[in-house]
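One structure is given below, encoded as structure tokens.
Laboratory data are not the source of any read-out in this text; all were calculated from the coordinates shown. Computed from a prediction, not measured in an experiment: that's the story for all the values here. Glycine also receives a Cβ, built like all others from the backbone with ideal geometry; neighbour counts cover every protein chain displayed.
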Amino acid sequence: MGKVKIKNLKKSFGDLEVLKDINLEVKEREVICIIGASGSGKSTLLRCINALEDASSGTIEVDGNDITRADGNINKYRQDIGMVFQQFNLFPHMTVLKNISFAPVALKLKTKEEAEETALKLLRRVDLEEKANVYPEQLSGGQQQRVAIARALAMNPDVMLFDEPTSALDPEMVGEVLNVMKQLAKDGMTMIVVTHEMGFAREVADRVIFIDEGFIVEEGPPSEIFGNPKNQRTINFLNKVL
Amino acid sequence: MNILALIVQYWPRLIAGLGLTVQITIISLILAGILGMVFGLLSVSKRKSLRAIALVYVDIVRGTPLLVQAFFIYFGIPAALGIQSDPVVSGVITLSLNAGGYLAEIVRGGIESISRGQMEAARSLGLPYGMAMRSVILPQAIRTMTPALINQCIITLKDTSLLSVIGVTELTQTGRLIIANNYQSFEVWAIVAMMYFIIIMILSKISKRIERKMSYGKSKN
């Protein structure tokens, strides 16, 4: 059964049609990497999955819930969809520990003690336990992004969405973030990753999706997409980035 | 000297005037704070109609002189309704509405200065809009807003002097009344100006201290 089911998704900004007809099914524990040029619509697709952008038409089911017709339930649905942003978006006025424990406490899912205990466990998982009481601005980009991953995991999501999680990082910090994501994939998290890291996609993805001009042009296991791409547009794109 | 003697002689009246000035300022700023927060939040709403309401309010406040607003509220509205109006109450209403408009703009600017990613991150965790605004956006926005907020407090304090024209016996009106008795215009206005100056200096000193205290845990670690 599909964890995420996207049918005939279209999205326009004014006259500009960014997603033209997207159909995609993501299975439980599957790791999907979405690749494509800037402006191809891949980030928009990701943002539609947790309704940061409203779909113009089509349906997006996550765990059987239709995100596009969520109405009053969207906050509930979003709790199960973790999101990691290119710019980290940690809350600068909260310590690392508070960043991670804040939402579960505010939403009354956990007591403060439980949430902080979970937060510490997650910090251990991203190898930043000693940074629990510092503020985000005192961390490097790579550390901030690992905290952001921990913050998303604190909601115990069913799916994790990554929107170019390493694009804003200095090159030497990309590895530490990718390693956390690899571990997450190994642990069986369902993941949809928009990325320019072809190495990561090749190594970790179960399926790679190439998006161009609002369509899924080609999809398949990484060995096929990278080793033997069939569509000319995929070939052109890969020639440019590899 | 002459001025000292005057200060001693009129001290109770001057202090009473200053007291009323400060009271009107504080009450007006509290009410203006509420108005500013409400209309500031309306002005960043997703709904066009709510934004329009805030826009009309702010435009009216900014597009008319404070003195005209005071006359309208003290003379105009009571005349139309056939009621008696109290100068202090009218004065407080005027200043509240006026400062509220400016504060709404400050609140809007403060909220808009926070990157969109903050709201998105909060919402992506499942927080409802109001909770995200209250716990994530506003605490950050208030820090950026602080200098402008303090500036508005000082402006409102000074604006109370305009209420003398509708007969509120705040500090400026007290000065006018004293001069009506003794004709010592130079000395009395010098005293009144000094009193405003001292209060405002105290306020700005306090505000500088608050501003310094408000930078994020930078002193820690």
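Remark: mean inter-chain Cβ contacts per residue of A:51-61 equal 1, using a 10 Å Cβ-Cβ cutoff to other protein chain atoms. Could you state the number of Å between the C-alpha centres of segment B:165-202 and segment B:7-23? Cα centroid of segment B:7-23 versus Cα centroid of segment B:165-202: 9 Å apart. Other protein chain C-beta atoms within 10 Å of residue C-beta, averaged over B:132-141: 3. If you count the DSSP beta bridges with both ends in the protein assembly as shown, what percent of them are antiparallel, to the nearest 5? Of all bridge pairs located within the protein assembly as shown, approximately 55 percent are antiparallel. Against the main long axis of the alpha-carbon atoms of chain B, helix B:2-43 sits at an angle near 20°.
Cα axis of helix B:171-182 to longest principal axis of chain B: angle in degrees, 0 to 90, nearest 10? For helix B:171-182, the angle is close to 10 degrees. Sorting A:144-157, B:190-203 by their mean Cβ neighbour count within 10 Å, with the most densely packed peptide first, gives A:144-157, B:190-203. On C-alpha positions alone, give me the angle between the axis of helix B:87-112 and the longest principal axis of chain B, in degrees, nearest 10. Taking Cα atoms only, the helix is inclined about 30 degrees.
Working ranking of peptides A:27-33, B:81-87, A:8-14 by packing, defined as the average number of other Cβ atoms within 10 Å per residue, highest first, is A:27-33, A:8-14, B:81-87.
Give A:Lys7/A:Lys76; A:Lys10/A:Lys240; A:Lys42/B:Lys46; A:Lys27/A:Lys186; A:Lys3/A:Lys76; A:Lys3/A:Lys108 a once-over and call out the pairs whose C-alpha atoms are over 18 Å from each other.
A:Lys7/A:Lys76; A:Lys10/A:Lys240; A:Lys42/B:Lys46; A:Lys3/A:Lys108
With the Cα gyration tensor of segment B:107-208 giving a ≥ b ≥ c as the square roots of its eigenvalues, does the rule (a/c under 1.5 for rounded; else a/b larger than b/c for prolate; else oblate) give rounded, prolate or oblate? Judged from the Cα gyration tensor, segment B:107-208 comes out prolate (a/c at least 1.5, a/b above b/c). Counting only residues at least eight positions apart within a chain, or on another chain, the aspartates and glutamates with an alpha carbon under 13 Å from that of A:Lys230 are A:Glu218, A:Glu219. For A:Asp21 and A:Lys76, the difference between the fully extended length at 0.36 nm per residue and the C-alpha to C-alpha distance is 17.1 nm. In terms of its C-alpha gyration tensor, segment A:4-95 has a rounded overall shape, because the principal axis ratio a/c (a ≥ b ≥ c, square roots of the eigenvalues) stays below 1.5. Between the beta carbons of A:Leu120 and B:Gln184, assuming R0 = 56 Å, the FRET efficiency works out to 0.20 to the nearest 0.05.
Under a 5 Å amide H cut-off, with hydrogens placed 1.01 Å from N, A:Asp158 pairs with A:Ile81, A:Gly82 among residues at least 5 apart or on other chains.
I'd like the GluC sites (Glu not before Pro) in segment A:189-238 restricted to DSSP loop residues with at most 12 other Cβ atoms within 10 Å, sorted by number. Loop-located and lightly packed - none at all. Between A:Ser167 and B:Phe71, what is the FRET efficiency for a Förster distance of 56 Å, r being their Cβ-Cβ separation, to the nearest 0.05? For A:Ser167 and B:Phe71, the calculated efficiency is 0.45. Taking label points 7 Å from Cα along the Cα-to-Cβ direction, B:Gln9 and B:Ile142 give a separation of 4.8 nm. Can you tell me how segment A:91-196 classifies by the Cα gyration tensor, rounded, prolate or oblate, using a/c under 1.5 as the rounded cut? The shape class here is oblate.
Roughly speaking, what is the centre-to-centre gap between segment A:139-196 and segment B:146-160 when only Cα atoms are used, to the nearest Å? The two parts, judged by their Cα centres, are 45 Å apart.
Taking the centroid of alpha carbons for each part, segment A:225-242 and segment B:52-104 are 67 Å apart.
Estimated from helices alone, the mean residue ellipticity of chain B at 222 nm is -26000 deg cm²/dmol (sum of -39500 (n - 2.57) over DSSP H runs with n ≥ 4, per residue).
Return the FRET efficiency for the residue pair B:Ala52, A:Leu238: r is the Cβ-Cβ distance, R0 is 51 Å, and the value is rounded to the nearest 0.05.
Rounded to the nearest 0.05, the efficiency is 0.55.
Look at the stretch B:112-124: the mean tally of other chain Cβ atoms within 10 Å of its residues' Cβ atoms is 6.
Whole-Hz Karplus ³J(HN,Hα) for segment A:29-37, in order, using 6.51 cos²θ - 1.76 cosθ + 1.60 and θ = phi - 60°, x for Gly and Pro? Whole-Hz 3J(HN,Hα) from phi for segment A:29-37: 6, 7, 10, 10, 10, 9, 10, x, 6.
Stokes-Einstein diffusion for the protein assembly as shown, with the hydrodynamic radius set to the Kirkwood value over Cα pairs and evaluated at 25 °C in a medium of 0.890 mPa s, equals 94 µm²/s.
When peptides B:162-168, B:46-52, A:190-196 are sorted by average Cβ neighbour count within 10 Å, with the highest value leading, the order is A:190-196, B:162-168, B:46-52.
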